[in-house]
Amino acid sequence: MLQKAEKLLESDLDLKILDLNSLLEFHHIQEYFDCGLFLNSWSAERKSKYSSIVKTAIAQLRVYYLQLAPDRFKEEIANLEYDNRENFWVLFRYFELYKKIDRDIFVQLLNIFPNHIRYILPLKQIVDHYNHEIRTFLMDYEESAELLLSHYEQKHDHEPNNYNFPKSLTDADKVDIIDNYLDSADPNLNYIELARHAKYLKLPPKTILKAHNKADDIKEPFLNDENSISVKISASLVDNQEEPVVVTHDEEEGTTYTYSRRYLNGLQTEFELFSVFSDLFFYTNDEELIELVNKDSQMDTLEKVFMQSKSEYHTGMIFARKDMISLAQLGIFIHYLKERKLSIENVLQAFVITFFKEKCKVEHLSFHAPSANLNAFEKIRLFAPEMEYLLKQFKNLVSEGNIDHDLLQVDSNPINYSDLKSLIQQKYVTSDHHVIRMIGHLFFDQNSLLAERKKGSKQRSNLFQSLRKDRLKKSDFERYQINHLDHLISDGFLIVNDTGELIMTDPILIWVSGKIWENGSLNYGRVVPIIQQEIDRMISDDFLRISDNLFTKEEVSYINYYLNKKEFTNGKDLRNKYLHGSNNKDSAKQEMDYLYFLRTTILILLKLKDDLEQYRGLC
């Protein structure tokens, strides 16, 4: 852009005879100059000269605008180049032309150039001035629903369109616009999904149901074998297998997890049986973080580019696989427990008593799992408040040092998972620092520019793995990667030794950055002292920040997704639906809901176990 600007600024132009498009080019240049952006080759004298030319051009642009007759606006807007449309309306506001342009003329312009409403809505002064005219236009404009949904409901990775809707446009008007859009001949499925998961527009249930049905109608013709990918997951038990688990993959049968009945038979107590969820099923990882959450690091580029709702829990294929695997594991384990005349409810009840009361000496703890003989509906209705009360007792233990049931009975407020504190002041470390994010991406993302090398194997390795297992030199990389490598070298993260090999200068810092990139957080108490020392230094250097919460941010979102609608509109809402009777009445779906609820309960118990183990020094 600045090279093009240089040619324009060096040309001998008569500003007084330039048309609007040509004058608006100077406004683009002014925006660069106002941000302090100049070519490095320009001297201070040349910068001053160019700034003076731009200043004169803007003054001429002001004259052009103020002398523009109302009947000329239609012609001028029609001739605007695409890149000048937004700037035209920005200057229309800046020079306060809305005060001199008749409302009827403005309405005519909107009707002739309806797509220009996208440039007008970000400009509050214009919207306020033509308040009722813009409302009238929006009520009939076919893309108004998309504007509303994009502004209120769409998740934007970059700066969103900050629209200002007229004050006269009521909530009822917005509902009418969305309803009419859903009834139209060809609504966009992406925006239908935004309406289906709407949270901030306050759409009534009837409209949300209409969006739900409309989305299903559009998707139904495409939901067939030709347009879908089959993912098969199964779990089974065998008697004579020595290994605790064997995983096999088959194109026809899918992925099968075969568990050893012999191994499970060796687990004598309910406490040992409960350990399978972390030690065998890997519901949590090595750092006792919930592994089943959706991770941004596990989503591919295609999954990230689709339009997303701000109030939707966004998931990908790997999340779906983990969901299927964990449910299959839970199902086969429940089947196994029945063989031993046990139930999952007995195991959870015994674990809480054994671990909390006996191992950790937590006094006055109350917990009663429902009877295994009840149906799924009754179990959830009883289990949900019992699990919530267990968390309230833990919260009381953290804040008061003991459990006081009299005090707890005074507080009837529901649990907010993001507010629950840990017994440990420095429980997690996380980071939003751009350096940590950059290191995590470049060293650990298999989709980063440094992940694929010309001498790499068929299975791509990230840069961190490659540097640890191979003696890499700059010559091993493609030409397009060298610039990024040079930045890592100049920033001090890599060095080139005497033999030309690339060496990481601080592998622990890079490893910590990778863990945060992968999981969002790092469990401080679950790493060895030498890594803790590096983390302490990174905290003091403001690269990392400390959290004293019981759950990580990602874990809170995962729990909210399954138990309530506090954060997401597409969640299972198991707690609220069953407590308020709005659950599905089909018994098979209730059984499935109970599996979801059981799994969430088990994950919460694993997090409580981790916290108390660290606090009591049991790990």
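The values are calculated or read from the model by the stated rules, or taken from the named source; none is laboratory data. Remember, it's a predicted structure, so these values are computed and weren't measured experimentally. Please note: Cβ atoms are built from the backbone with ideal geometry, for glycine as well, and neighbour counts cover all protein chains shown. Note: accessible area is taken over every heavy atom of the protein model, side chains too, but ligands, DNA and RNA are not part of it. Shrake-Rupley method; radii C 1.70, N 1.55, O 1.52, S 1.80 Å.
Name the residue that is modelled with the highest pLDDT, counting only residues in segment 387-423 that are part of a helix (DSSP H, G or I) and either at positive phi or of a type in the set (Val, Ile, Thr) (or both). First the steps, then the outcome.
Filtering segment 387-423 down to residues part of a helix (DSSP H, G or I) leaves 387-400, 405-410, 417-419.
From the residues that got through so far, the ones that are either at positive phi or of a type in the set (Val, Ile, Thr) (or both) too are 398, 410.
Working: Val398: 96, Val410: 91.
Here the residue is Val398.
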Query raised in the report: Does Thr569 satisfy being farther than 25 Å from Thr284 by Cα and under 26 Å from the mean Cα position of the chain (by Cα)?
Result: yes
Query raised in the report: Would you pick out the residues in segment 1-58 that are closer than 22 Å to Phe92 by Cα, surrounded by fewer than 14 Cβ atoms within 10 Å (Cβ to Cβ) and among the hydroxyl-bearing types (Ser, Thr, Tyr)?
Result: Thr56
Query raised in the report: Can you tell me which residue in segment 424-442 is nearest to Ile546 (Cα to Cα), limited to those that are open to solvent by 40 Å² or more (accessible area, probe 1.4 Å) and not in a helix (DSSP H, G or I)?
Result: Gln426
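Go through segment 492-506 and give me each residue that's outside any strand (DSSP E or B) and free of Cβ contacts under 8 Å to residues at least 40 places away in the same chain. Even if it seems obvious, please write down each step before you answer.
We begin by selecting, within segment 492-506, every residue outside any strand (DSSP E or B); these are 492-493, 497-500, 505-506.
Across segment 492-506, the qualifying residues are Gly492, Asn497, Asp498, Thr499, Gly500, Thr505, Asp506.
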**Report entry** Top-ranked residue of segment 534-548 - restricted to ones that are closer than 17 Å to Ile424 by Cα and not in a loop (DSSP other than H, G, I, E, B), ranked as least open to solvent (accessible area, probe 1.4 Å)
**Finding:** Ile535
Query - Residue list for segment 389-410, restricted to those being surrounded by fewer than 15 Cβ atoms within 10 Å (Cβ to Cβ) and either within 32 Å of the chain's Cα centre (by Cα) or within 15 Å of Glu345 (Cβ to Cβ) (or both) - result: Ser399
Report summary line: Restricting segment 116-159 to residues that are within 21 Å of the chain's Cα centre (by Cα) and surrounded by 14 or more Cβ atoms within 10 Å (Cβ to Cβ), the one nearest to Leu182 (Cα to Cα) turns out to be Leu149
Report summary line: Counted residues in segment 487-517 being open to solvent by 60 Å² or more (accessible area, probe 1.4 Å), more than 14 Å from Met438 (Cα to Cα) and among the charged types (D, E, K, R) come to 1
Query - segment 356-383, residues that are surrounded by fewer than 20 Cβ atoms within 10 Å (Cβ to Cβ) and either in a helix (DSSP H, G or I) or touching a Cys at 6+ places or on another chain (Cβ under 7 Å) (or both) - result: Lys357, Glu358, Lys359, Phe377, Glu378, Arg381, Leu382
Query raised in the report: Looking at (1) of a type in the set (Phe, Trp, Tyr); (2) open to solvent by 60 Å² or more (accessible area, probe 1.4 Å); (3) modelled with pLDDT of 95 or more, can you tell me which one Phe222 breaks?
Result: (3)
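Counting only residues that are among the acidic types (Asp, Glu), assigned to a helix (DSSP H, G or I) and open to solvent by 50 Å² or more (accessible area, probe 1.4 Å), how many does segment 310-329 have?
So in segment 310-329, the residues among the acidic types (Asp, Glu) come out as 312, 323.
Those left that are additionally assigned to a helix (DSSP H, G or I): 323.
Within this subset, residues satisfying the condition of being open to solvent by 50 Å² or more (accessible area, probe 1.4 Å) are none.
Residues flagged as among the acidic types (Asp, Glu), assigned to a helix (DSSP H, G or I) and open to solvent by 50 Å² or more (accessible area, probe 1.4 Å) within segment 310-329 amount to 0.
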